[in-house]
Amino acid sequence: MRTLRTVIICALVMATTIAGIGVAPAQNEINSSRLRQAVGVPGILQHLKELQEIADDHGDTRAAGTRGYAESVDYVVARLKKAGYKVTRQNFSFNAFVENSPAEFERVSPQPETYTEDDFLSMEYSGSGNVTATLVATNDILINPSPGGSTGGCEASDFPNATAGSIVLIQRGTCTFREKVDNAAAAGAVGVVIFNEGNDPGRTGVLGGTLSPPDEEADVPAVGTSFAVGEELFNLLQQGEVEVRIAVDAEVITTDSANVIADTKTGYKDRTIVVGAHLDSVPEGPGINDNGSGTAVVLEIAEEMARLKIKPENRVRFAFWGAEESGLIGSNFYVNSLSEQEFEQIALNLNFDMLGSPNYARFVYDGDGSATPDAGPDGSGLIEAVFNDFFASQNLATEPTAFDGRSDYRAFILAGIPAGGLFSGAEVAKTEAQEDVYGGVAGLAYDPCYHQACDTLVEKKQSDDVEAVDDAYGKNVVVGNVNRLSLEEMSDAAAHATLYFAETTDDITDAGARRAGARRQAQMDYIGPFAVR
Ligand SMILES: [Zn+2]
């Protein structure tokens, strides 16, 4: 088998180098089996149990700015120090959006109705106010059917004259929520309702979005709703006048937070591999899958590399990012705080955000952009190949996932640093074809508890959908809101890739000149993890 394999690999290398996309040279030289065996589900679950207990003790959340986050930092720092790492807390502060009371949204007339959190959510960085007004729709709403690619509220011309003094109904689509809300306010609206686009099963639910950047309050109160609520309001508007009320009571508070950084004692400093996972959760829940799973896997790899006395060729930097859920704040702060020399030392970034989704699939970031719109910087294709080759060697299928800017790799790729990583799926529904490959339940989200209180390790807090997935996988595979099979397979690949790049990077370090140019770009803008569009 090996010989055949080597021949195949060599043939592949030849083919792809000519084609210019990355295929990892001679993977069989990197034997990651010892590390993969050491990085196991029991250890990962133990870290998750600790993070769950921290959330239990602190209001069921580990969100940035909370005691739950501060104790998560203490936990990770203590474990890394115990494993022998030199650990740095990189402190930063940012403008956190804090609601003083739950938002309210109701239809005053016709047929009065008070909407619940199953119908709507306030937009992060929404303006505050309690406004009642007639509802006006932008003139570019596309439903029955909703084809996708909506540019709802992206241009001033989308807003009819009646917008002034009204609350405006806008469809989710291509431009950011901030652009829609700012355009509406500029047209004189006193409030905004953005409804989900309805063009994909994963874009029908309640819209939990952010108006950052900038991380400042918008001029008017804004809520996001499900497609169904938007469609209902739009249809009512075709029959006559509609009046609604929105109430948001929030403020923006400067919040302190921190990243945790730990370097291996050995390894070339100018070929530093940054292996990162965000440590914070959303305010709504303990964030055991998002992103306790990524945190636990990266922590486990760090501990086991130290315990096995692995002396990497290239310095490995384990990074636990803060305030990812508030706008990728920690990872962006890290990249923007690097000196020129420190910046040049970074060879690549591996990002692990959600590795244990109950209804999982094995997603690999599409570094070469072969299946999704955006390729990463040169070298990202190679990172993708290392993951795909590893999974292929385990006879495990994978799916490409886009660099859609919703996690911490974004600051790195904006700066021109190659990146990659793994993802087990969030709010989008699993397909029939994926059910055949990965098991679970088609039609349900990969993570039915994404960004919710039920993203927990506690069995009895499982949602109905997670229970259905639990039944589909059978006994003891799904624990609370994480899937052991996913953790097993994804942690193996994460350990393999970390070791691979810790030992061989000569394929990645290129194009220094191009990076300098892209870096200037990174300092201008970044987009948060909450849906921004
Ligand atoms: Zn996350």
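The values are calculated or read from the model by the stated rules, or taken from the named source; none is laboratory data. Predicted model only: the values in this text are computed from it and were never measured. Because the Cβ atoms are built from the backbone with ideal geometry, glycine has one as well, and the counts that use them run over all protein chains shown.
Each row is one residue, and each column tells you yes or no for (1) within 24 Å of Leu279 (Cα to Cα); (2) not small (Gly, Ala, Ser).
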position	(1), (2)
Asp389	no, yes
Ala392	no, no
Asn395	no, yes
Phe403	yes, yes
Ser407	yes, no
Ile417	yes, yes
Leu422	yes, yes
Ala426	yes, no
So for the range 197-214 (the condition being farther than 23 Å from Glu99 by Cα and of a type in the set (Val, Ile, Thr)), does at least one residue qualify? yes
The lone exception for Ala186 - which of (1) surrounded by fewer than 22 Cβ atoms within 10 Å (Cβ to Cβ); (2) touching a strand residue (DSSP E or B) at 6+ places or on another chain (Cβ under 9 Å); (3) of a type in the set (A, V, I, L, M) it fails: (2)
If a residue counts only when it is outside the structural domain of Pro312 (by TED's automatic domain parsing) and modelled with pLDDT under 95, which helices (runs of 4 or more DSSP H) contained entirely in the range 1-73 have at least 2 such residues? 2-19
Restricting attention to the range 221-271, the residues that are buried (at least 22 other Cβ atoms within 10 Å of the Cβ), over 20 Å from Ala184 (Cβ atoms) and among the aliphatic types (A, V, I, L, M) number exactly 3
In this structure, does Leu444 turn out to be at pLDDT 90 or above, in contact with a strand residue (DSSP E or B) (Cβ under 8 Å, 6 or more places away or on another chain) and away from the ligand (no atom under 16 Å from the Cβ)? yes
Being farther than 19 Å from Gly205 by Cβ, surrounded by fewer than 16 Cβ atoms within 10 Å (Cβ to Cβ) and among the small types (Gly, Ala, Ser), is that true of even one residue in the range 433-451? yes
Residue by residue through the range 263-283, note down the ones that are within 13 Å of the ligand (Cβ to nearest atom) and modelled with pLDDT under 95. Val282
In the range 284-341, residue farthest from Phe501 (Cα to Cα) [restricted to those that are within 14 Å of the ligand (Cβ to nearest atom) and of a type in the set (Phe, Trp, Tyr)]: Trp321
I'm trying to understand the selection: among the residues of the range 476-502, which are crowded, with 24+ Cβ neighbours inside 10 Å, part of a strand (DSSP E or B) and more than 20 Å from the chain's Cα centre (by Cα)? Val478
If you take the residues of the range 348-378 that are within 16 Å of the ligand (Cβ to nearest atom) and polar (S, T, N, Q), which of them is nearest to the chain's Cα centre (by Cα)? Asn351
Just one of Gln238, Gln171 is without any contact (Cβ under 8 Å) to a residue 24 or more places away in the chain, over 17 Å from Ala250 (Cβ atoms) and of a type in the set (S, T, N, Q); which is it? Gln238
